[in-house]
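Take a look at the structure below.
The values are calculated or read from the model by the stated rules, or taken from the named source; none is laboratory data. Not measured: the values here are computed from a predicted model. Virtual Cβ from ideal backbone geometry, glycine too; neighbours counted across all protein chains shown. These area figures cover heavy atoms from the full protein model, side chains too; ligands, DNA and RNA do not enter into them. Shrake-Rupley method; radii C 1.70, N 1.55, O 1.52, S 1.80 Å.
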Amino acid sequence: MIECKNITKTYKNGETETDVLKGISFTINDGEYVAIMGPSGSGKSTLMHILGALDSPTSGTYFLDGRDVSKLSDDELADVRKNKIGFVFQSFNLLSRATVMRNVTLPLLYSEVPKQKREMLAKDALTSAGLEEGRWNHLSNQLSGGQMQRVAIARALVNNPSIIFADEPTGNLDSKTGEIVLDTFQKLNEHHAHTIVLITHERYVAEHADRIIHIQDGLIIEDKENSAKRVATLHHTHETT
Amino acid sequence: MKLPDLLSETYSSLTVNKVRTGLTMLGIVIGIGSVIAMVSIGQGAQSSIESKIQSIGSNLLIVTPGAQRGPGVQISEGRGTAQTLTQEDADAIIKEVDLAKAVAPEISRRYQVTAKGTNTNTQVVGTVASYPTVRNVEVDSGTFISDQNVKSLSRVAVIGPTTRDDLFGTDSDPIGQTIRINKVDFKIIGVTKAKGGSGFGSQDDMVFVPLSTAQRYLAGDTYVTSISIAAEDANSMSAIQQQITDILLERHNIKDPTKADFSVINQADIVATASSVTGIFTILLGAIAGISLLVGGIGIMNMMLTTVTERTREIGLRKAIGAKKKDISTQFLAESIMLTFLGGLIGVLFGWFFAWLISTFASITTTVSTTSVMLAFGVSAAIGIIFGYYPARRAAKLNPIEALRYE
């Protein structure tokens, strides 16, 4: 569960100070599927970095599963990321010359999970992310964009995190493969009750979530249930490999 | 991260760019290899010089005329040429130094030695029957000079194998033949065993004659060139040295030990001096080779810095999925240590092979010691740590957000 109260973030660049977040408060409950939407420069990426424990807010409090993570050290934040958070990035960020398996098990190396259990967890995560078994031992640079993003989703899932942050997950994909990825998130939310926070600048993508938080100039301008929820339409047979 | 995981991660990172890894490692291989080879040459020289010194006798003390240089000492007292030691000095040492196992006075000078139609210029040593005991000389055929020969001024000679080869031809039997030294005929009664070594001062190119005969027919006086004393064991050497000094000072009527007209050289001192010379030689060779090791280390640092830049996004990702600073720096440090460790291993084998080549084809004695191998390993691991530390720290300090955005 995420509880934010009055979060601000100010960047100092010499003498000039830039207020990127100007006081943001909201709560995301377990099992929610939320989209944070806003144009570029609105502060949504900065907000995601703070929510994802990659950065600390200048002021305000941020409780993740009841623990205040707004004033932790770098190493404590690393622990929070390791145990509670999964990331999916726009540019996948896979180790290109490593196999799918190695990419997915990577987070488990840092949490020191025994080797056999690692494989088991990775297989579960890959199944949940919807990557067919034939690809599990491929090198990740032999995969298509959509497959790569599903490997990245599996990697985010493998530690069984409280929340998955997806930063423009469809940004590098064509609309059809984008649909597949959005469908994957939808299934993870519906069938496995994962909390998903989708960060996007596209209203169309945001409308796949149950709730949309609209950010502009560092402030929430709208936070409401998505009445016109879209369901991803699939064209499995046309997927390019 | 657990150690086996760390090693497998390191292995896969290093094998991503095999050519670059190989070339970087080559720097360390050449560095360590040349250190091993160079030091083996130095240590080989050291051990061969030491064994040569040992071959002239064990627990040996040599008294030579002339003073060790000190304040107010004149050039005329030059060591080895001054004639201050006499037969009587040697007799006194034999009588009074009870710790001495054997004492052999000798008179030696180079002469032209002729046999039927052949001649050679060699060292002629007039000495006594105890000489073989003192100086580790063994007789190959015939006999050495006996006390009887010395007493009766016999004109007999024992020759070294090189002298025999020069005068009578290789592996001939010269016993019973006659050689002429300084217009005096000597009958050959024995040949000594080859000790090895060549050139000036070889123990194999010598002619031994009775001391008394040499004094009477060759030198014409009763002075001796040196007195060699074999001690019972290494522990009694300094006591004997002191005793001899006291006896000779008294006999020569010298009150001030710094003005002594003789010097007593301890074999251990000779070994120590020679070792210090070859030690410097070894250090010099090792230092020259060490420069290439340093260059190899800089190569490692260069590669690691390039790698850190290239893998910025990977570092960002690793941090995003929970890697701490320590995890990142350990990983990069492990990569550079694995590079230098493998390079060191190959370098040791390479250096060993090179040392073998040198001793096989250039006839230079080489010794690869465990110490130099351990040292080379230690140094290469240390290079991995030293030159890998800065790149690893740079990787660990990267901000995950910026690293993930890095293009």
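Only residues that are in a helix (DSSP H, G or I), open to solvent by 10 Å² or more (accessible area, probe 1.4 Å) and at the interface with another protein chain (Cβ under 8 Å from one of its Cβ atoms): list them for the range B:293-325, please.
B:ARG313, B:GLU314, B:LYS319, B:LYS325
Under the condition of being under 18 Å from the mean Cα position of the chain (by Cα) and crowded, with 16+ Cβ neighbours inside 10 Å, which residue from the range B:355-407 is farthest from the other protein chains (Cβ to nearest Cβ)? Step through it out loud before you land on a result.
In the first step, residues of the range B:355-407 are kept if they are under 18 Å from the mean Cα position of the chain (by Cα); the result is B:355-356, B:358-359, B:362-372.
Among the residues that remain, those that are also crowded, with 16+ Cβ neighbours inside 10 Å are: B:355, B:358-359, B:365-368, B:372.
Values: B:ALA355: 39, B:ILE358: 42, B:SER359: 45, B:THR365: 49, B:THR366: 43, B:THR367: 45, B:VAL368: 39, B:SER372: 38 Å.
Only one residue tops the list, namely B:THR365.
Please go through the range A:177-208 and pick out each residue that is surrounded by 19 or more Cβ atoms within 10 Å (Cβ to Cβ), free of Cβ contacts under 8 Å to residues at least 40 places away in the same chain and either among the acidic types (Asp, Glu) or touching a helix residue (DSSP H, G or I) at 6+ places or on another chain (Cβ under 6 Å) (or both). Spell out how you get there, then give the answer.
Initially, the range A:177-208 is screened for residues surrounded by 19 or more Cβ atoms within 10 Å (Cβ to Cβ), giving A:177-182, A:184-186, A:188-189, A:194-200, A:205-206, A:208.
With free of Cβ contacts under 8 Å to residues at least 40 places away in the same chain added as a condition, the list becomes A:178, A:181.
A:VAL181 - this is the single residue of the range A:177-208 that is surrounded by 19 or more Cβ atoms within 10 Å (Cβ to Cβ), free of Cβ contacts under 8 Å to residues at least 40 places away in the same chain and either among the acidic types (Asp, Glu) or touching a helix residue (DSSP H, G or I) at 6+ places or on another chain (Cβ under 6 Å) (or both).
If the Cβ limit is 7 Å and pairs must be 6+ apart or interchain, which residue in the range B:227-254 that is over 13 Å from B:SER58 (Cβ atoms) and at pLDDT 85 or above pairs with which residue that is assigned to a helix (DSSP H, G or I) and among the β-branched types (Val, Ile, Thr)?
Sorted first by the residue in the range B:227-254, then by its partner, the pairs are B:ILE227/B:ILE93; B:ILE244/B:ILE93; B:ILE247/B:ILE93.
In this structure, does B:VAL156 turn out to be assigned by TED's automatic domain parsing to the domain that holds B:LYS195, among the β-branched types (Val, Ile, Thr), open to solvent by less than 50 Å² (accessible area, probe 1.4 Å) and out of contact with any Leu (no Cβ under 9 Å at 6 or more places or on another chain)? Steps first, answer last, please.
Values: assigned by TED's automatic domain parsing to the domain that holds B:LYS195: yes; among the β-branched types (Val, Ile, Thr): yes; open to solvent by less than 50 Å² (accessible area, probe 1.4 Å): yes; out of contact with any Leu (no Cβ under 9 Å at 6 or more places or on another chain): yes.
Spelling it out, B:VAL156 is indeed assigned by TED's automatic domain parsing to the domain that holds B:LYS195, among the β-branched types (Val, Ile, Thr), open to solvent by less than 50 Å² (accessible area, probe 1.4 Å) and out of contact with any Leu (no Cβ under 9 Å at 6 or more places or on another chain).
For the range A:198-241, which residues satisfy the criterion of being modelled with pLDDT under 90 and among the β-branched types (Val, Ile, Thr)?
A:VAL231, A:THR233, A:THR237, A:THR240, A:THR241
If a residue must be within 14 Å of chain B (Cβ to nearest Cβ), open to solvent by 60 Å² or more (accessible area, probe 1.4 Å) and free of Cβ contacts under 8 Å to residues at least 40 places away in the same chain, how many such residues does the range A:98-144 contain?
So the count comes out to 7.
Before we move on, is A:PHE63 outside any loop (DSSP other than H, G, I, E, B), within 21 Å of A:ARG150 (Cβ to Cβ) and either within 10 Å of chain B (Cβ to nearest Cβ) or in contact (Cβ under 8 Å) with a residue 12 or more places away in the chain (or both)?
Working: outside any loop (DSSP other than H, G, I, E, B): yes; within 21 Å of A:ARG150 (Cβ to Cβ): no; either within 10 Å of chain B (Cβ to nearest Cβ) or in contact (Cβ under 8 Å) with a residue 12 or more places away in the chain (or both): yes.
Taking the combined requirement at face value, the residue does not satisfy it.
Against the definition (at the interface with another protein chain (Cβ under 10 Å from one of its Cβ atoms), touching a residue at least 12 places away in the same chain (Cβ under 8 Å), open to solvent by 20 Å² or more (accessible area, probe 1.4 Å) and closer than 22 Å to A:HIS194 by Cβ), how does A:ASN93 come out, yes or no? Walk me through it before giving the result.
On the way: at the interface with another protein chain (Cβ under 10 Å from one of its Cβ atoms): yes; touching a residue at least 12 places away in the same chain (Cβ under 8 Å): yes; open to solvent by 20 Å² or more (accessible area, probe 1.4 Å): no; closer than 22 Å to A:HIS194 by Cβ: yes.
No.
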